[in-house]
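All of the numbers you see were taken from the coordinates with simple rules; none came from a lab. This is a predicted model, so every value here is computed, not measured. So basically every Cβ, Gly included, is an ideal-geometry build from the backbone, and we count neighbours across all protein chains shown.
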Amino acid sequence: MSAAERKLLIVDDEAPARSRLESLVAGLPGWSALGSCASGAEAIARIERERPAVVLLDIRMPAMSGIEVARHLCLLDSPPAVIFTTAYDEYALEAFDSHAVGYLLKPVRRERLESALAHAARLSDALLSELGRSVKGFERRRHLAARVRDELRLIPLGEVRLLKAEQKYVSVFHAGGEDLIEDTLRQLEQEFADLFVRIHRSMLVAIGAIEALEKDAEGGYHARLRGIPDRLPVSRRQVTDLKARLGIKR
Amino acid sequence: MLPHGATSAIDRDTAPQAPTESADGFFLPNFCDPRMVLAVVLLAELLALTFALVRPAEVGFLNELARLSVLMQWLGLTSSALICLARDSLRRLTTPLVTGAVLAIVLANILVLSVGVVWIGRWRGEGLMLEIFPSALWPFALKNLLIGLIVTALLLRYCFVSHQWRRHVESEARSRIDALQARIRPHFLFNSLNTIASLTRSSPEQAEEAVEDLADLFRVTLSDAGKLLTLKEELELSRIYQRLEMRRLGDRLKVVWDVALLPMRARLPALTIQPLLENAIYHGIEPLESGGTVTISGGADGDEIEISVSNPTVAPTGEASRRGNRIAVLNIRERLGLAFAGRGSLEIEQTDSSYTVRLRFPLQL
């Protein structure tokens, strides 16, 4: 591998699809495949470690879709250029900002791969960061991503118990501890309306994590969550909504 | 044949049948058919009753009804016989000509009958009750001709409209079946092509088999929508589909077949089980990182066959995918309903960890 060669990572859950892309890339001068990954989580770990210039990312993968991977990647300081691959254009990919992202339809033609890679190589970091914004809203995430130094920590949504707005960030209290994420509470509330409920101006709680709703002597309500020792205050205006979501009659 | 229209779609596949009325686009009912003759008798009697009721009371209602019944039945049956005899010639004519010809047959018949009645009255009238025979020919004949013209024209119009309506209903049902034709997901087609492209280099023999499998599958998909297959053929198709998916998904896909007790000669609409397997893989196995097992099991209880396809479920995340699933399942339910005249059913059982589609349909060889 010469120093001038650009590194590329292939991500696809299907083995034949990976091996086909590997053999195509092997025939392209100037590019070398770092290898391939079978899942989104594995891909994120390898991208942080090995810093490829380009990722060929399958969209339809189990556990974490390519679109979600791309959204998490844009939190990195210098994200790789992402070229989505998909067998069937069901995602209306043209809707993506065409400056920030390319896509290839499988089976991928060698010439199309070549030109997509050439295009990706010319993109600036600033444009690449745009990617995340253009992908937003396409599909809901199954993980939240926290950036710890320049590494991404993925928190499965099912493990999240409490989202609490701090000064600039949102604190995520989850089964594995506590992390800061860059989303806003309002965005999170909209994206995951069925999983979380607002109990307070600065707090969203996971409906599944609520263990009890208690009324104190003054008539104020408090929520108790699994794995969180403090009782959380429920603001008066949220009580009715919360009860409705929990299926409690007034 | 109107009340039997619902079953004709199935009969077509199971037994050869005389061409139905609508098939040749001829709007006149078949007057050679005994059921039609019965209808003519009833209609003639209704008309006789109507005319008898209209007559002034002093004539004697029962006498009048008897007289009119004889005339109407005679007229109805002879006209039916004439139209039946002329059917093959009529069939070659255009709709206005058929209308004219039928009117001519009926009116000529009425004229002959009127003349006959008057003659019989003149010849043997003295011995019978005179008042039932008209004395003057032309007033009697002209009145009858006018009534005959109006009634026959109305009936022809009714036949024409109901024929148009039936054709419309049938073409709608046909296009519904066509629209319901099972379609293989484009997603699957392109993924399979990608797999083949990959295997062409690494394992040409497997690539060859995959192309053969894909060809078999698409041959059925592209064939007639209402086609019936034997259970053996349908299960073979599902196995072909499974082979294609296994080349792509590797160990992630396991399929357990528990179908030894099924009567393999039973017939069912093509692509009934395969799409259920496809759904199970698409919604149940592909979203699982480590894969899972689809179970296809079946048995027969007397004349009823039951087949179920079951897959593990993932935590619900994508609403869109479940909607897609429901459409495919509703499609199969509707095709089963059409093929087995309402005796085919499809049920869904959903638990936290599994999704099962259960088909039930009668044994039909």
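Helix A:110-121 and the long axis of chain A differ in direction by around 60°, with both axes built from C-alpha atoms.
Pairs of Cα atoms under 8 Å, at least six residues apart: use those to get the relative contact order of chain A, whole percent.
Values: 432 pairs, mean separation 28.6, N = 250.
About 11 percent, as a whole number.
In chain A, the DSSP-assigned H stretches of four residues or longer account for a calculated mean residue ellipticity at 222 nm of -8500 deg cm²/dmol, using -39500 (n - 2.57) per stretch and the full residue count as denominator. Counting every pair of alpha carbons in the stretch A:158-246, the share spaced more than 19 Å apart comes to 34 percent.
Can you give the alpha-carbon Rg of chain A over 2.2 N^0.38 Å, where N counts its residues? Could the numbers behind the result be given before it?
Values: Rg = 21.4 Å, N = 250, 2.2 N^0.38 = 17.9 Å.
That works out to 1.19 for chain A.
Whole number please: convex hull volume per residue of the Cα set in the protein assembly as shown, in Å³?
Hull volume normalised by residue count: 267 Å³.
Straight-distance candidates among the lysines for linking to A:Lys215, with alpha-carbon spacing under 19 Å and chain neighbours fewer than 8 residues away dropped: A:Lys243, A:Lys249.
Cβ crowding within 10 Å ranks B:Cys32, A:Cys37, B:Cys84, A:Cys74 as B:Cys32, B:Cys84, A:Cys74, A:Cys37, fewest other Cβ atoms first. Peptide A:59-66 is shielded by partner chain Cβ atoms: per residue, an average of 3 of them sit within 10 Å of its Cβ. Across peptide B:296-309, the average count of Cβ atoms from other chains found within 10 Å of a residue's Cβ is 0. Taken over the Cα atoms of the stretch B:194-362, the convex hull encloses 121 Å³ per residue. Peptide B:196-205 shows a mean partner chain C-beta count of 4 within 10 Å per residue C-beta. Quick one: which residues, 5+ away or cross-chain, put their amide H under 5 Å from the amide H of A:Leu144? H built at 1.01 Å from N. It is A:Ile155, A:Leu157, by chain and number. This model, with +1 at the C-beta of Lys and Arg and -1 at the C-beta of Asp and Glu, gives the protein assembly as shown a dipole about its Cα centre of some 1260 debye.
Add +1 for every Lys or Arg and -1 for every Asp or Glu among the other residues with Cβ under 13 Å from the Cβ of B:Val118, and state the total. Provide the component values of the computation, followed by the final result.
Details: positive: B:Arg122, B:Arg124, B:Lys143; negative: none.
Result for the local shell: +3.
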